[in-house]
1. May I ask you to say which residue of Ile26, Ile68 is within 24 Å of Leu115 (Cβ to Cβ), of a type in the set (A, V, I, L, M, F, W, C), touching a helix residue (DSSP H, G or I) at 6+ places or on another chain (Cβ under 6 Å) and not in a helix (DSSP H, G or I)?
2. Looking at segment 44-65, is at least one residue surrounded by 11 or more Cβ atoms within 10 Å (Cβ to Cβ) and touching a residue at least 24 places away in the same chain (Cβ under 8 Å)?
3. Just one of (1) farther than 25 Å from Ile26 by Cβ; (2) over 17 Å from the mean Cα position of the chain (by Cα) trips up Val55, so point out which.
4. Only one of Thr89, Thr9 is in a helix (DSSP H, G or I), of a type in the set (Ser, Thr, Tyr) and exposed (fewer than 12 other Cβ atoms within 10 Å of the Cβ). Can you tell me which?
5. Of Gly103, Gly110, Gly94, Gly13, which residue is within 24 Å of Met127 (Cα to Cα) and in contact with a Leu (Cβ under 8 Å, 6 or more places away or on another chain)?
6. Could you grab me the full set of residues in segment 34-43 that are assigned to a helix (DSSP H, G or I) and surrounded by fewer than 11 Cβ atoms within 10 Å (Cβ to Cβ)?
7. Just checking, does segment 45-62 include any residue being assigned to a loop (DSSP other than H, G, I, E, B) and out of contact with any strand residue (DSSP E or B) (no Cβ under 6 Å at 6 or more places or on another chain)?
8. Name the residue, out of Ile31, Ile75, that is surrounded by fewer than 14 Cβ atoms within 10 Å (Cβ to Cβ), under 17 Å from the mean Cα position of the chain (by Cα) and under 26 Å from Ala123 (Cβ atoms).
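A short reminder: the numbers here are calculations on the coordinates, not readings from a lab. What you see is a predicted model, and the numbers here were worked out from it, not measured in a lab. Cβ coordinates were reconstructed from backbone atoms using ideal geometry, including for glycine residues, and neighbour counts include every protein chain displayed.
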Amino acid sequence: MTFKNKLMTLLVGIYFGIVLVKSQVISWFNINDMFHFKDPYMYLVICSAIAVGMVSIFLIRRFEARTIEGEAIVIKQRPFHPGNVIGGTIFGMGWAITGACPGPIYAYIGAGNFLMIFTFMGAMTGMYLYAFFQSRLPHTEWVRLKPGSTGAS
């Protein structure tokens with residue numbers, strides 16, 4: 001990846017973080033209201049994100065889009081695995097407790113909420129524990145990563 005591509009990626013990430021903060025999507029109160037079914041705002045944001053994702057995947061496949069480095073983007077079909085339900089439940093509990101899913105943790109820290117560093121450390125600990133125990137967990141073959149692999153296609 002060239003310096004220009006890295007810089008563009010950083011700028012897009014900063015812009016995305018600003019959008020998350022300004023739209024109040026990272027507000028603990030909005031997230032709490034969502035989990036208590038008091039306010040539909042977060043559900044509407046999530047539904048719009050799903051719609052944008054669906055259209056984006058359709059367009060990527062339809063026009064055979066490429067990365068900024070010219071590589072083909074390949075989106076593979078993944079089979080359902082019951083572990084997704086367990087993992088999603090754990091993810092949802094962490095989201096409800098901390099008020100943050102992985103992406104907005106950076107936005108929280110960037111906005112000056114430095115207590116979220118503890119949430120970040122917890123997320124990193126969970127990631128490393130999963131990597132450590134991965135060979136002992138029930139998976140389908142497509143989940144297993146080769147050493148040094150990022151899992152990106």
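1. Residue meeting the stated conditions: Ile26.
2. No, that holds for no residue.
3. Evaluating Val55 over (1) farther than 25 Å from Ile26 by Cβ; (2) over 17 Å from the mean Cα position of the chain (by Cα) leaves (1) as the failure.
4. Result: Thr89 is the single residue among Thr89, Thr9 that is in a helix (DSSP H, G or I), of a type in the set (Ser, Thr, Tyr) and exposed (fewer than 12 other Cβ atoms within 10 Å of the Cβ).
5. Sole residue among the options that is within 24 Å of Met127 (Cα to Cα) and in contact with a Leu (Cβ under 8 Å, 6 or more places away or on another chain): Gly103.
6. Applying the first criterion (assigned to a helix (DSSP H, G or I)) to segment 34-43 yields 34-35, 41-43.
Selection gives nothing.
7. To start, the set of residues in segment 45-62 that are assigned to a loop (DSSP other than H, G, I, E, B) comprises none.
Looking through segment 45-62, none of the residues is assigned to a loop (DSSP other than H, G, I, E, B) and out of contact with any strand residue (DSSP E or B) (no Cβ under 6 Å at 6 or more places or on another chain).
8. Ile75
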